[in-house]
Amino acid sequence: MAPNFADEWAANEARLAREGSSLGELLARLQGFFSSLALAPQEWEGLLECAHTLPPTLAGFPLWVGFPIDASPPGALLDVSLLGGTRAAAFFEDQAGCADNGPAPARIAALLGKTGVAGSPLQRIVGNRLLLEYQANAPQRALSDPGFLLYPVRPTLAGAPCAQRLEDFQVALNAVAGAMHRDPDEAGAHHATRAYLALEPDTRIGAIGVPPANGRLLRLSMLGFTDTRAVATLLERVGWPGPHAAVVAVLERLATRGALAQLQLGLRLDLSATGLEPTLELQVFSANTIYDDTGWFKDQTCWTALIDALRAQRLAVPEKLSGLTSWSSARAQTLMGRSGLFLLLRRIHHFAIAFNAAGDRQVNAHVFLLMTRWPGG
C-alpha cells in the first residue's frame, strides 16, 4: 500500500469514526439513497441489524449490498472490505480475544496476521485485503458467521498456470484451511487445484475463501470469461455436476439481446471434500472496472443493455429493474456529515445469477457504496 494511500485512508477512517458508533448508524442516515432500490422492509431491517455490529470505518472502503431482483424470497447480502493495519482490522483483532464473540473474529484476525507480514508469500499473492460476506436476513437474533474471501493480486493466479503459480495457489489454500483450523484437504483442496488447472489464458482466480455460515465448504471465484462458450468449456473441464443447460440457456438469452458486449463473466463455485457442489453463481461485471481499481466512474453505459435484456427476457421483475436506474451510472454526491464534508460514491457493482441442483435460479443485483472525506478536508 503506497504511503499516500495509507495516510489518506487513515485520515478518512479517523473522520468516519466520529460520524457514528457503527456502520449501521451510517447506513440508516443514508437510507434515502437506497429508496429507489427493491429492498423489502425485512431486507433493510436485516442490513441495519447486521451493520450495527460493525465499525463505521468500514464505510471508507468498498462495500456492496446485494438483493434479489426477481420473484425470489427476500434475502439481503452485505459485503465489506477489510484491510490490514486499519482501525476496522483492529476492531476484529480486539474481538478475537473474547470467546463470547464466536470463532469468526479469531479466523479473521488469523488471516490479517498472515497477510500483514510484509514480504510474506501470502501477502505477495493476495495483498492485505479480505472481503467479509454477511447474510443480512431479518428477524435475526443470532447473526451467522460471515464468509471471508482472499483476493489474489492480478495476475498472481492467472490461467495457464506454471509451477510457480500452482505453488502460490496452494499457499492461499493453506491460509484458508489454517484460519478454519482444518487440514488443507478437508474441504476440497484437491478439487480446487483441479479447477485452477482447468483455467485458460486471460482468466484467473478472483477469490478464495469460505461462504457465510458454512465453513465446511471452500469457495472459489474465477474471472475473465467473455462469452457463453468460455463458461461452458470451463464447467465441462472442471466436471461441475450441476445443470449446465440451465446456465448456458440464460447466457444465450442475454447474448441474443447484445447484453454481454461490454461485460465480463465470473463463476463462483463451492467445493467440499467430495468435490464440486451442484450449485453455482454466475457473476456479470463491467469489463471497464473489473481489473482497474481507478475505474469506479468508467462504467457509464454498460449496464443499460443488460438491464433491458433482463427485462425483455423476463429474468427479473420490471419494477425492481427500474429502481436500479439511478445506480446504473456511477455517481459522486456531496454529503454534509457531523465532522465535515464527504463524497458518497455509488454505482452498480455487479449482477449475480445463482443456480441450484434443479436448475432453479435467483437473480441478484449488487450495488457499490463508499464514503470518503472531501479531498483535502
*What whole number of Å gives the distance from the Cα centroid of segment 1-61 to the Cα centroid of segment 87-105?*
19 Å
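Over the chain, average the accessible area per residue using a 1.4 Å probe and give it in Å², no decimals. Write out the running numbers ahead of the final one.
Values: 15170 Å² over 377 residues.
I get 40 Å² per residue for this part.
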*Quick one: pull the percent of accessible area on the chain belonging to carbon and sulfur, 1.4 Å probe, ligands and nucleic acids left out.*
53 percent
*Which option, (1) 30.8, 98; (2) 19.8, 54; (3) 21.9, 84, is the value of Rg and Dmax of the Cα atoms in Å that was calculated from these coordinates?*
(2)
*Would you mind classifying segment 12-100 by shape? Square roots of the alpha carbon gyration tensor eigenvalues, ordered a ≥ b ≥ c; an a/c under 1.5 is rounded, otherwise it is prolate if a/b is larger than b/c and oblate if not.*
prolate
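Net charge around R182, counting only other residues with Cβ within less than 12 Å of its Cβ (Lys, Arg = +1; Asp, Glu = -1)? Walk me through the numbers before you get to the answer.
Values: positive: R107, R216; negative: D183, D185, E186.
That works out to -1.
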*Along the chain, longest interval not containing exposed trypsin sites (Lys or Arg not before Pro), exposed being DSSP loop plus at most 10 other Cβ atoms within 10 Å*: 142-313
*Highest-fluctuation residue, L199, L30, L173 considered, GNM on the chain with Cα pairs under 10 Å*: L30
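How much mean residue ellipticity at 222 nm does the chain get from its helices, if each DSSP H run of length 4 or more adds -39500 (n - 2.57) and you divide by all residues, to the nearest 500 deg cm²/dmol?
On the way: 12 runs with 125 residues, N = 377.
Using -39500 (n - 2.57) per qualifying helix, the result is -10000 deg cm²/dmol.
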_With a 10 Å cut-off between alpha carbons and a GNM built on the chain, which of S72, S35, S22 moves the most?_
S35
*Counting every Cα pair in segment 115-246, what percent are over 25 Å apart?*
29 percent
*Let me know the charge dipole size of the chain about its Cα centre in debye, to the nearest 20, where only the beta-carbon of Lys, Arg (+1) and Asp, Glu (-1) is charged.*
580 debye
*asked:* Between segment 108-131 and segment 153-180, what is the separation of their alpha carbon centroids in Å?
replied: 13 Å
_So, taking all protein chains as they sit and a 1.4 Å probe, how much accessible area belongs to W9, in Å² rounded to tens?_
80 Å²
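Based on the mean of other beta carbon atoms within 10 Å per residue, what is the order of 58-64, 271-277, most packed first?
Details: 58-64: 23.3, 271-277: 16.9.
Output ranking for 58-64, 271-277: 58-64, 271-277.
The values are calculated or read from the model by the stated rules, or taken from the named source; none is laboratory data. In this text the structure is predicted, and so the values were computed from the model without any measurement. Glycine also receives a Cβ, built like all others from the backbone with ideal geometry; neighbour counts cover every protein chain displayed. We work out accessible area using only protein heavy atoms, side chains counted, and drop any ligands, DNA or RNA first. Shrake-Rupley method; radii C 1.70, N 1.55, O 1.52, S 1.80 Å.
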